Each structure stands twice: as C-alpha cells, then as structure tokens.
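Bear in mind that the values in this text are calculations on the coordinates, not laboratory data. Keep in mind the model is a prediction, meaning the values are calculated, not measured. Note: ideal-geometry Cβ built from the backbone for every residue, glycine included; neighbour counts use all protein chains shown.
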C-alpha cells in the first residue's frame, strides 16, 4: 500500500467492484450487474489489490463462487458502509430534485400498523398537513433496515436491538407478550399471570415469521411444549381463529383487541421478555423538521399506549 495516501487512493468504483464480485460470486455476473466488460472489472479489482498491496479475493477453481481473503472481508465491511452511505446521500439528492422533500417515508410492520400508526398518523397530519407520509410494510425486520440504510426509507419502526453500523435507534415502548384464549377457555378471566405448567400441551395459532424472537421456542427451552395448529403472518387470521374457539395464541400486546368479547387475555409475566419497539434511521442522512415531529409524536403515542396497557390488562 502507498503509505503516503493509504486508502485515500481507493476510488468508489473499486469498492463497488469488490462488493459486486463478492455478492455475485463471479466476475461475469458482477460485470453484468455493473455494466462493465469482464476484463474491465478484473482491472478494477487488480488496481484495488495493487493500492492496498494485499490479495483480497480467493480465486477458486471450477464452479465454486469467489470468496474473500481475511483482508478482503475486512475491506468489504468498510466498503459496504461507504457504498450504503453514498446511496443514502443519493436518495436525499433525488428527493430534492424530484421535489419530494415534503414526503416522509416510513417503514412499519403489521402490529405497529394496527396498534400505533392510526393515532400517530392522525396527529401527525393535524400538525404537518403539507407532508405526505408514504408507508412501506414488511414482516421482515432486515428488509426495512436495509431500506433505511440505503436511503429507501427515512425512518422505520423496528424491534430492538438493531446492530447495523450506520443506523441510530430510539426505544419507544415495551410490548408484552400476552396469552390470548377463547372466552370459554379454562384459562379465561385470569387475574394473575399464567403459570408455566398451565401452558403445557396448549394448541396455538402462531406467527409464521417469528424472528428475532419465537415465543414457542422460548417456552420449549423452559421445558414446556405446545402444539402449533397453524402459522400465519396475518394478525387478523390468528386473532379470528382464537375468537372462534379453534386455538389459543401468544401475541404481542399491540396485536390484541382487548375489547373483543370472544377472547380473554392473560399476561405471561416473567415467562417471556417483552418486545422493545423502537425507531431506526440513518445517522448520516439529512432529517427534516417533519422527521423530528414524527419521532416526537411516536414517543408521545407510545408512552400513552404503555400507560393504557398497564391499566387495561390484568396484572
């Protein structure tokens, strides 16, 4: 490596080339993705290896995909952050060029959409009438965080913790797991948290996508096995099957309608740790006054929900 300049001699095209080759596993596919000829891409990688004065790629024989050396993996981690930051900057500039600085793009997931957003968006609209809120929903936490990191979203609701270098987070509320049973269940009407032995053999309707925390697996580790009748990512399906008396469910509090007379709710107590709901945003992106207002209102609404949950669900 040229010690006078170090990595300052590296150009963005070199880092983009390294990222593409590793992600695609071959020079041919990476060249097609970037719009280069294969020889031009090979020259980019060769130039990068000359600058850092160390081999970055493991060139394997046969059809095995390309891999990184230890040095390549190290540099790639830095390259990913740099490229993601530039993509976020490009998103800011594109918003200004398109005149969409008056749009706030928010990532969300189903339980936030039913439990937090209705009140939050109504209050936001009352104070920010000139700002259009665009929502993107996904059951997968990593999909939303990737969009925040690359500039596709301004902010996203998420389940904490988040371990992604360019992102900042804010904790909003703890969302407890609740046992939801049919109104005629022997476990209905409980004034105290359910006890672990009472859950043994319980038939459940559960979420299909249960990452990063799966309540059924957690209970299994505690020595209690349950039977999962159906997995669905639709909260309405899970809730409806419980209300119909088909099965019970372990749901986050935000997903539960406590006013439905067909169901009964019991706390899980210390058996399951609550989900910590928060917001995540890119620390290096420009954030408007509308963004600040949205975050402040999210804190306000979630604080109210915390208080209401403490009053409305049996302790």
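Using 7 Å Cα-to-Cβ label points, what is the residue 55/residue 299 separation (nm, one decimal)?
So the label points at residue 55 and residue 299 sit 5.3 nm apart.
Could you compute the FRET efficiency for residue 287 and residue 82, with r as their C-beta to C-beta distance and R0 at 22 Å, rounded to 0.05? Present the calculation step by step, with values, prior to reporting the outcome.
Working: r = 20 Å, r/R0 = 0.93.
With R0 = 22 Å, the Cβ-Cβ based efficiency is 0.60.
Please give the contour-minus-distance gain from residue 119 to residue 232: 0.36 nm per residue of separation, less the Cα-Cα distance, rounded to one decimal in nm.
Numbers: separation 113, 0.36 × 113 = 40.68 nm, distance 2.58 nm.
Using 0.36 nm per residue and subtracting the Cα-Cα distance, I get 38.1 nm.
Taking the 0 to 90 degree range and rounding to the nearest ten, how far is the long axis of helix 38-52 tilted relative to the main principal axis of the chain, both from C-alpha atoms?
So the inclination is approximately 90 degrees.
May I ask you to give the average projected area over all directions of the convex hull of the Cα atoms of the chain, in nm² rounded to one decimal? It would help to have the intermediate numbers written out before the result.
Details: hull surface 83.9 nm².
Mean projected area of the Cα convex hull: 21.0 nm².
How are the C-alpha pair distances of region 177-271 spread across 10 Å bins, as whole percents from the shortest bin up?
Distribution as computed: 17, 57, 26, 0 percent.
For the chain, what does the helix formula give at 222 nm: sum of -39500 (n - 2.57) over DSSP H segments with n ≥ 4, over the residue count, nearest 500 deg cm²/dmol? Spell out each step's value before the answer.
Values: 10 runs with 131 residues, N = 315.
Mean residue ellipticity at 222 nm (helix-derived): -13000 deg cm²/dmol.
Subtracting the Cα-Cα distance from 0.36 nm times the residue separation, let me have the gained length for residue 39 to residue 142 in nm, one decimal.
Values: separation 103, 0.36 × 103 = 37.08 nm, distance 3.43 nm.
Result for the pair: 33.6 nm of gain on full extension.
If I model a spin label as a point 7 Å beyond the Cα along the Cα-Cβ vector, how far apart are those points for residue 9 and residue 276 in nm?
Rounded to a tenth, the inter-label distance reads 4.5 nm.
Quick one: helix 70-97 against the long Cα principal axis of the chain, what's the angle to the nearest 10°, folded into 0 to 90?
80 degrees
So what's the gap between the Cα centers of region 125-197 and region 240-263, to the nearest angstrom?
So the two Cα centres are separated by 18 Å.
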